[in-house]
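In what follows, a structure is listed as structure tokens, so that the remarks can point back to it.
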Amino acid sequence: MYVAAKGGENAIQQSERLFHALKGEITRELIHEIMNTLPYLVDRVMGEGSLYAPELAAMAIAQAGGDLYEAVLLLRAYRSTQPRLAYAEPVRPETMITVRRISAAFKDIPGGQVLGPSLDYSHRILNLDLLDGMDSLDPPADPSAHNGSAEMGTSANGSSPSANAAARVYPLVADWQRGQGLLKPTAEAQPRHGADIPDVTRDPVLFPAPREHRLQALARADTGGVLALGYASMRGYGLIHPTVNELRLAHAEVNVQHPMTGEIFSAGRVRVSQAEVATTGGSKDQPGLTLGFAATLGWNEVKLIAGATLDMEMSQPNPHPAHTEEFVMYHTEPVEASGFCIHFKLPHYVTFASSLDNLRRVISTFYAGEAAQPSSLDAMRQASP
Amino acid sequence: MSELQKLASPREDYAYAFLDSYAKRELRRRMLKAIAIPGYQVPYASRELPIARGWGTGGLQVTLALVGPESVVKVIDQGADDSVNAANLRRFIARMSGAQTTTDTLKATLLQSRHRIPEEVMGEGQALVLQVPDPEPLRAVQSDSSKSHQMHADADYGQMWLVLYEQLVRYRQVLHGASYPSLVNGRYVISPSPIPRWDTPKLHQAAHLTLLSAGREKRLYAVPPYTDVYPLEFEDVPFQVEDQREWADQHTGARHKFMNEMPQPEGGAAYEISDTGFLEKLAAQQRGQASTIGSTYYDDQGNFYHNGYLKPPVQPED
């Protein structure tokens with residue numbers, strides 16, 4: 001037996017139907033189009049959804065009509081029910097298939113600066129030709145085809161840079177700094193089973209949080225939220241100037257142990273990105289450089305630079321109130337922040353009535369028989385917690 | 001179908017009642033702890049659900065961890081069964097659990113609510129799950145949760161009394177609206193959902209179990225059956241429920257139930273009982289139809305069912 005309580009039931013179903021009627025049809029081709037043409041959008045949703053599944057993320061984007069918070073929620077709600085089948089081996093940055101690796105701290109670094117794929121130095125001009133009838137856009141011209149500059153890396157046919165292939169391994173900038181005594185040596189990590197690592201999605205959150213929770217929360221955090229708080233730190237509410245020590249976009253092998261044979265094998269590759277920022281103006285009792293770090297599934301540079309800056313801020317002894325661990329972790333959680341914000345659409349007439357009752361009592365106490373004075377009431381509203 | 005396929009259980013996209021068994025186990029353990037330490041906020045992991053966060057996912061996780069095929073579920077929002085979000089949550093719970101649903105408080109075994117406790121007295125064996133946006137009564141005086149945690153440990157509630165006192169000094173009355181801070185079992189101050197002050201006394205020495213759960217904030221707490229719950233009040237300034245003594249329900253003429261005030265185009269207001277399940281039964285009875293109405297927390301003269309618990313209001317002095 002199911003009791004449909006009058007109007008509400010019908011209304012919500014019709015409302016959902018109307019939403020879908022006002023947007024285009026979702027097809028399997030569309031899902032693959034989204035995956036192939038909008039990889040950075042898919043990455044952002046996968047990172048915030050903390051689930052590496054490009055097809056599901058594309059599906060979520062399509063199903064939500066492009067509403068990113070809805071898409072992230074769809075992915076998270078799916079993720080929260082999935083069992084833990086295995087724990088992957090740690091990914092080491094040196095062994096990742098790195099396609100972009102830059103450092104702002106030095107002109108050149110061991111392994112070299114690798115620009116890789118980026119729009120950083122593009123001219124932000126809309127390609128209106130396509131709208132004016134051109135069938136498809138040509139990719140930007142290959143400069144090496146014309147001038148054969150050795151600097152850009154030329155091969156025999158003049159279009160492939162393979163003759164000047166990049167290094168296979170990119171040593172960490174931080175390792176060089178450790179060698180120079182600029183950074184404290186890394187403590188020897190005890191080998192741990194994946195199941196023993198604190199997990200912010202499976203543990204209650206308490207403060208001060210374990211570092212694992214903090215980094216996991218940053219990896220899942222809302223891009224815009226992390227940017228807002230990180231930018232506030234960079235612009236003037238923080239104590240430190242972040243210098244990008246190293247920024248990487250890479251493909252990482254997901255290495256897992258075979259349950260029967262015990263062999264380590266790759267279950268697939270995922271796009272990952274990580275950023276490390278450094279400051280010379282760290283704490284007084286620690287003379288060397290101070291680092292901040294953030295990493296996420298997918299390629300999302302702006303979130304990681306802001307996130308690594310926040311990581312550095314959160315470790316300071318007395319951070320700005322907006323850069324404490326609790327403030328950052330709670331307020332950059334995309335599903336919770338967006339969900340709570342839109343919940344104010346729900347009826348609140350019971351709690352409103354309760355406050356209105358107080359308001360009327362005060363009015364009758366202070367202004368019985370005369371018209372209320374709005375200015376005094378403003379003061380009273382502010383005082384009510 | 002191959003032999004192997006016959007041996008395997010059929011594919012199911014989700015576990016019974018959506019949450020996987022690890023999540024249910026965690027929630028049940030946390031609930032037991034919450035019941036063992038009345039009013040103490042127990043942290044829990046809080047899974048994402050296919051419902052927006054902040055829309056009752058804390059209450060929903062508790063409900064999903066308790067619901068069974070034999071359960072009878074009632075869901076209300078602002079007292080109404082047909083409120084759109086209540087309808088949506090009820091639809092989800094029924095779809096994922098196969099439980100029966102009802103709008104009758106007396107028939108429900110499991111009642112999930114946002115912002116209200118029903119007017120009819122709930123009994124032993126019934127569980128009330130309240131959705132909570134902010135579980136921390138100390139938030140207004142201490143926003144750092146590790147510090148407020150310490151204050152609870154020390155029963156350091158001086159600042160809460162100070163807030164009440166300052167309101168008295170400035171406005172000659174206490175101005176807490178809904179979610180009136182209350183002391184549970186003489187030990188922990190809680191933030192009761194946000195239910196109106198009208199509903200707060202219903203938690204005191206209640207026959208039913210109340211579970212309060214905040215999904216975003218990842219905390220749950222409980223008021224077990226037959227536990228003392230007292231709103232913070234000064235001896236000479238008693239706690240007061242919302243004053244709706246002059247209001248009568250526009251359909252039934254009933255008084256002394258929590259009312260919705262509905263502004264009218266000509267400037268006045270109409271009133272309607274907020275508990276729609278109760279109102280429906282009352283209206284049916286007046287039409288001469290059979291309907292079983294239970295005893296209510298407040299009688300038709302507005303007397304609360306625990307004699308002497310609510311004290312007559314004291315008029316603020318000029």
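Below are the figures for this structure:
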| quantity | calculated |
| --- | --- |
| Förster radius 41 Å - calculated FRET efficiency between B:ASN185 and B:GLN301, Cβ distance, rounded to 0.05 | 0.85 |
| Distance (nanometres) between label positions extended 7 Å along Cα→Cβ at A:LEU30 and B:THR252 | 4.8 |
| Calculated FRET efficiency for the pair B:GLU70/B:ARG25, C-beta based, R₀ 30 Å, to 0.05 | 0.90 |
| All lysines inside 27 Å of B:LYS33 as judged from Cα atoms, apart from same-chain residues fewer than 8 positions distant | B:LYS24, B:LYS74, B:LYS147, B:LYS202, B:LYS218 |
| Length-normalised contact order for the stretch B:84-161 - Cα pairs under 8 Å, 6+ apart - percent | 18 |
| Length added when fully stretched, A:GLN13-A:ASN318, from 0.36 nm per residue minus Cα-Cα | 104.8 nm |
| Cα-based shape type of the stretch B:206-246, given that a ≥ b ≥ c are square roots of the gyration tensor eigenvalues and the cut on a/c is 1.5 | prolate |
| Highest-first arrangement of A:265-277, A:131-143, A:79-91, where packing means the average Cβ count within 10 Å | A:265-277, A:79-91, A:131-143 |
| nm² value of the averaged projected area, convex hull over the Cα atoms of chain A | 32.0 |
| Acute angle (nearest 10 degrees) that the helix A:349-367 long axis makes with the longest principal axis of chain A, alpha-carbon atoms | 50 |
| Cβ charges +1 (Lys, Arg) and -1 (Asp, Glu), total dipole of chain A, debye | 700 |
| Relative contact order (percent, whole number), the stretch B:16-103, Cα cutoff 8 Å, 6+ residue spacing | 31 |
| Minimum 20 Å² accessible area buried by the other protein chains, the stretch B:261-276 residues, probe 1.4 Å, relative to alone | B:GLU261 |
| Net length gained if the chain between A:TYR237 and A:MET134 were fully extended (0.36 nm per residue, minus Cα distance) | 32.3 nm |
| Hypothetical label at A:ASP67: residues of the stretch B:76-100 whose amide nitrogen lies under 18 Å (7 Å Cα-Cβ projection) | B:84-89, B:92 |
| Label point at A:GLN180 placed 7 Å out along Cα→Cβ; residues across the stretch A:109-129 whose backbone nitrogen lies under 12 Å | A:109-110 |
| The protein assembly as shown, accessible area per residue, ligands and nucleic acids excluded (1.4 Å, Å²) | 51 |
| Between 0 and 90°, nearest 10: helix B:57-66 axis offset from chain B longest Cα axis | 60 |
| Dipole in debye (nearest 20) - chain B, about Cα centre, beta carbon charges: Lys, Arg +1; Asp, Glu -1 | 1300 |
| Two-site label geometry, B:GLN289 and A:ARG211: point separation in nm, points 7 Å out along Cα→Cβ | 6.6 |
| Shape of the protein assembly as shown, Cα gyration tensor, a/c cut at 1.5 | prolate |
| Added length on full extension, which subtracts the Cα-Cα distance from 0.36 nm per residue, B:LEU4 to B:GLU235 | 75.8 nm |
| Label-point separation in nm, A:GLU89 to A:VAL302, each point 7 Å along Cα→Cβ | 3.6 |
| Sites B:TYR226 and B:GLU12, calculated FRET efficiency, Cβ-Cβ separation with R0 30 Å, nearest 0.05 | 0.15 |
| Solvent-accessible area buried by pairing B with A, both sides, nearest 100 square angstrom, 1.4 angstrom probe | 5400 |
| For the stretch B:180-318, size of Cβ-based charge dipole, Lys and Arg +1, Asp and Glu -1, in debye | 760 |
| Overall form of the stretch A:184-288 per C-alpha gyration tensor (a/c, 1.5; a/b vs b/c) | prolate |
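The values are calculated or read from the model by the stated rules, or taken from the named source; none is laboratory data. In this text the structure is predicted, and so the values were computed from the model without any measurement. Cβ coordinates were reconstructed from backbone atoms using ideal geometry, including for glycine residues, and neighbour counts include every protein chain displayed. Ligands, DNA and RNA are stripped out before the accessible areas are found, and what is left, the full protein with its side chains, is counted by its heavy atoms. Shrake-Rupley method; radii C 1.70, N 1.55, O 1.52, S 1.80 Å.
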